[in-house]
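Report on the structure given below.
Read-outs throughout are calculated quantities, based only on the coordinates presented, and are distinct from any laboratory measurement. Fair warning: this is a prediction, and the values are worked out from it, not measured in the lab. Neighbour counts are summed over all protein chains in view; Cβ atoms, including those assigned to glycine, are modelled from backbone coordinates with ideal geometry.
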Amino acid sequence: MSRASVRFGYLLNRARNLRIGNLFEFAGQVQRVSKAPKLVIVADMLWCSVKYDMAFRDYAVWDIRLLNARERRTWMTHPKSFRITRMHNTAEGRAKLEDKRRFAREYADLLGRETVDLRDVDDTALGAFLQRHPKVLAKPLDGQGGGGITLHEVGPDVDVAAFRAEVAASGQSIIDEFIVQHPDLAALYPDSVNTVRLITFLRPDGEVRLLAAVLRIGNGDVIDNFASGGMFTMLDEHGVALYPGVDKNSNVYRTHPVTGADIVGFQVPMYDRVVAVTEELARRTPEAPYVGWDLAITDDGPVVIEGNHNSSVFQPKPSASGVRTGLLPVYQAAVGF
């Protein structure tokens with residue numbers, strides 16, 4: 001599929017599904033950092049969606065209204081990311097990452113956690129699993145963005161059949177050992193497992209290029225996902241948080257609003273091991289060279305959560321970071337577009 005045809009199809013789909021309410025909602029977010037009238041912002045958003053291939057949320061989260069034309073051209077966008085996915089990640093690669101049962105089998109030696117699929121175990125085996133792990137996460141087979149995940153705590157006298165029926169009725173099939181995160185990450189925010197996302201591109205010569213390194217932090221939910229109220233900040237090459245946290249509503253946090261812990265300067269523990277595991281994951285997935293890998297960290301080391309063949313894009317927020325250029329040149333150098 002050619003780049004032009006993918007872009008045309010994406011723009012056509014966006015035009016068909018344009019929701020005016022969303023447009024004005026994002027424009028309202030933009031007004032927090034720009035004093036321009038809302039109609040001026042809306043017009044600029046529509047212009048940037050065509051000129052720079054930019055989603056409305058991209059425009060709002062990355063303060064595009066504050067940037068000049070030269071700076072705007074440097075921003076990676078979700079439509080561009082979508083095209084990379086469609087052009088480089090094969091159907092086989094997408095299936096390898098999306099099927100949670102297959103994922104657990106193919107990367108079993110790297111996961112660092114125990115997981116079962118209800119279809120693969122009888123009540124005796126499931127009961128033994130729950131005895132080993134009385135705190136578990138139940139997930140749907142095809143969940144995206146952290147959706148459909150629930151936390152369960154069971155006692156030694158758990159009714160295994162009732163547990164199976166409950167999670168199955170919720171459309172869940174995958175049961176994961178609950179991850180006890182590293183104390184440093186728990187001090188940042190203890191009520192979710194805070195994860196690292198490393199976005200990689202596997203080049204034809206086998207070189208793994210790291211496009212972006214992100215620390216995702218929970219804020220009021222059991223998961224740290226951006227779509228579920230969590231926040232993110234960018235990491236440097238040593239795993240140190242460079243900027244304040246930012247959530248999907250463009251709120252900026254220098255310290256965590258619940259724990260008061262400093263976000264800027266936070267050191268991700270065992271970051272070198274996180275990078276090493278991620279590079280191994282990428283090399284084992286040539287069918288999907290463009291992936292966003294999610295990993296947690298325990299006292300024993302990195303734990304692999306999942307690989308996202310349709311990864312979101314993460315970049316510094318100008319009003320929070322002072323950085324006025326995006327990561328498009330990094331992506332272009334790695335991917336070659």
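Here are some notes:
- Averaging Cα coordinates gives a centre for region 175-204 and one for region 259-337; these two points are 11 Å apart.
- For region 16-108, the C-alpha radius of gyration sits at 1.42 times the compact-globule guess of 2.2 N^0.38 Å, with N the residue count.
- Sorted into 20 angstrom bins from 0, the C-alpha pair distances of the chain split as 29, 57, 13, 0 percent.
- Protection proxy ranking of 204-212, 323-331, by the mean of other Cβ atoms within 10 Å over each peptide's residues and highest first, is 323-331, 204-212.
- Using just its DSSP H runs of length 4 or more, each adding -39500 (n - 2.57), the chain gives a mean residue ellipticity at 222 nm of -10500 deg cm²/dmol after division by all residues.
- Given charges at Cβ of Lys, Arg, Asp, Glu: the chain dipole, positive-most of Tyr271, Ala261, Leu202: Leu202
- Förster radius 30 Å - calculated FRET efficiency between Asn22 and Asp122, Cβ distance, rounded to 0.05: 0.05
- The convex hull around the C-alpha trace of region 167-277, projected and averaged over every direction, spans 8.7 square nanometres.
- Rounded to the nearest 10 degrees, the inclination of helix 160-169 to the longest alpha-carbon principal axis of the chain is 20 degrees.
- FRET efficiency for the pair Asp300 and Gln267, taken as 1/(1 + (r/R0)^6) with r the Cβ-Cβ distance and R0 = 22 Å, rounds to 0.75.
- Equivalent ellipsoid of region 61-135: semi-axes from √(5λ) of the C-alpha gyration tensor, largest first, are 42, 17, 10 Å.
- Segments 90-103, 240-253, 51-64 sorted - mean Cβ within 10 Å per residue, highest first: 51-64, 240-253, 90-103
- Working from label points 7 Å from Cα in the Cα-to-Cβ sense, the Lys135 to Phe337 distance is 4.1 nm.
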